[in-house]
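I have placed the structure first, in the form of structure tokens, so that the comments after it can refer back to it.
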Amino acid sequence: MQRRGPGHRLLPMLCVGLAVLVATGPAAVATRRPAALDRAGPAHDHQHAADTADTAAGRSRASAADLAVRLQALLGQHSILAADLMRSRIRGDDSFVQAANAALGENTEAMTDLVGQLFGPATGRRFGPMWSQHVVSLVTYAAAVADQDAGALTRARRELVEYEEQLADFFAGGSHGRLSRPAARAAILMHVDHLTRQADAYAAGDHATADRLYRQSYQHTYDLGLTLAEALLPAADRATLRQPIWRLRSQLGKLLAEHAALVEDVTRAAETGGPDFDAAAEMINGNTRDVAAAVDTLFGAAAARRFQALWASHVEQIVAYAGATAAGRNDRKERARASLRDFERGLAAVLAPATGGRMTPAALSAALTEHDRMLLRHADLYAAKDYQGAQEVAGRTYQHMFDLARRLADGFGAEVASRLPRGGPETGQGGLAGPR
């Protein structure tokens, strides 16, 4: 099949602007978590079981600060999954709709459980039905867009505003005055505005606008987690959220998890040859610029340049692998794998000294190898139209990025973390500066 293969058009597109761096009808929300399906072989079965046990043990010891990061992560993931589900409904991809719906149902269940852990079981019980209805309304909106049903679209918009106001009042009411109702409503309505406008643009074929809003939605919703934590947690826990290590962990998690989601998005476009490839490539370019800017902020321009060259190569090779998979070119797949092994060793050698020995090159290389393994597994499953399997791997890849962010933040230490600019929760505690 003639396509924009990674051998010539795909890869240059991914690097545009990077070299200049100095651095089926409305689906109801799933209410029951499906059994995990592991498709990666016995060795991975053993590792995944161990990871699950470690995660369960860690949650039993989780602090409020740990749970606040988890809240940010789940809100950001909600935005990604909701947008993906809305888009699949618009393009009539029923198989993907089902898989995305199941993933969004798991996210909703996890969000409800977490709100209960953070703010009490009674709060969690009140939150769950409201959040579920919020998701259903988003899917109803996408269905109305797909069907070009003006009356249904008007009703969906009205329902969305109604449910968002209820959610905003719920959060404001639990904040003891720290989050005003107007501020809460503005934040929640912005979330809905991002998702509905990206769906409108996607349906109109304006993929550049749709993807710009896709990123804005993720970033806004992720940062909303910190806003809510700052408003709802006790004072002692809120103080922890201002500590440099926590702030660095949160911001690295935000960037790295977005990287994983956007790489998966661009590989899906590469494998299908869809018209959204160029816009998806620009999304991952934007994230790469942001990750390089983070390295610049923390370690300076020289480190950012070394990092950016390796990181851009990593993205290129994942997309090359996806294109080779679609073309049935095993030789090109193996070349991409070999290049990724070079990336893993090279980036580990760059980052390990910055941890002062707290992470070895071997440990960093192993973490990066696992990241690449999951991204390639996602590409294989998506190409095979095993959308449920692909979504499950994507969920694990997303979580793995937060595990890596925590290890990196702890390894870099408080002195490096203190280089982050400061700001309020509405800015993600200041975020990360642009490249110098």
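The values are calculated or read from the model by the stated rules, or taken from the named source; none is laboratory data. Owing to the predicted nature of the structure, the values given are computational and were not obtained by experimental measurement. For neighbour counting, all protein chains shown are included, and Cβ atoms are generated from backbone atoms with ideal geometry for every residue, glycine included. The area values use the complete protein model at the heavy-atom level, side chains included, leaving out ligands, DNA and RNA. Shrake-Rupley method; radii C 1.70, N 1.55, O 1.52, S 1.80 Å.
Laid out as a table, the results:
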quantity: Hey, residue 405 open to solvent by less than 10 Å² (accessible area, probe 1.4 Å), in a helix (DSSP H, G or I), farther than 30 Å from residue 95 by Cβ and modelled with pLDDT of 95 or more or not; calculated: yes
quantity: Flag for residue 197 being open to solvent by 40 Å² or more (accessible area, probe 1.4 Å) and touching an Asp or Glu at 6+ places or on another chain (Cβ under 7 Å); calculated: no
quantity: Residue, surrounded by the fewest Cβ atoms within 10 Å (Cβ to Cβ), within the stretch 169-186, restricted to residues that are over 13 Å from residue 232 (Cβ atoms) and out of contact with any Asp or Glu (no Cβ under 8 Å at 6 or more places or on another chain); calculated: 182
quantity: Positions within the stretch 216-260 being under 11 Å from the mean Cα position of the chain (by Cα) and farther than 18 Å from residue 406 by Cα, in sequence order; calculated: 217, 218, 219, 221
quantity: Neighbours by Cβ (under 9 Å, 6+ apart or cross-chain): first from the stretch 224-243, farther than 19 Å from residue 111 by Cα; second of a type in the set (S, T, N, Q) and surrounded by fewer than 20 Cβ atoms within 10 Å (Cβ to Cβ); calculated: 237/63; 240/63
quantity: Residue identified as closer than 30 Å to residue 234 by Cα and in a helix (DSSP H, G or I) among 145, 135, 97; calculated: 135
quantity: When residues of the stretch 136-181 are limited to those that are hydrophobic (A, V, I, L, M, F, W, C) and touching a Pro at 6+ places or on another chain (Cβ under 6 Å), the one nearest to residue 230 (Cα to Cα); calculated: 139
quantity: Matching entry among 229, 261, 204, 281 (being buried (at least 21 other Cβ atoms within 10 Å of the Cβ) and over 30 Å from residue 171 (Cα atoms)); calculated: 281
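Rundown of residues vs (1) surrounded by 21 or more Cβ atoms within 10 Å (Cβ to Cβ); (2) in contact with a Cys (Cβ under 9 Å, 6 or more places away or on another chain); (3) modelled with pLDDT of 95 or more; (4) in a helix (DSSP H, G or I), yes/no style:
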{"residue": "333", "(1), (2), (3), (4)": "no, no, yes, yes"}
{"residue": "337", "(1), (2), (3), (4)": "no, no, yes, yes"}
{"residue": "341", "(1), (2), (3), (4)": "no, no, yes, yes"}
{"residue": "350", "(1), (2), (3), (4)": "no, no, no, yes"}
{"residue": "358", "(1), (2), (3), (4)": "no, no, no, no"}
{"residue": "370", "(1), (2), (3), (4)": "no, no, yes, yes"}
{"residue": "379", "(1), (2), (3), (4)": "yes, no, yes, yes"}
{"residue": "382", "(1), (2), (3), (4)": "yes, no, yes, yes"}
{"residue": "389", "(1), (2), (3), (4)": "no, no, yes, yes"}
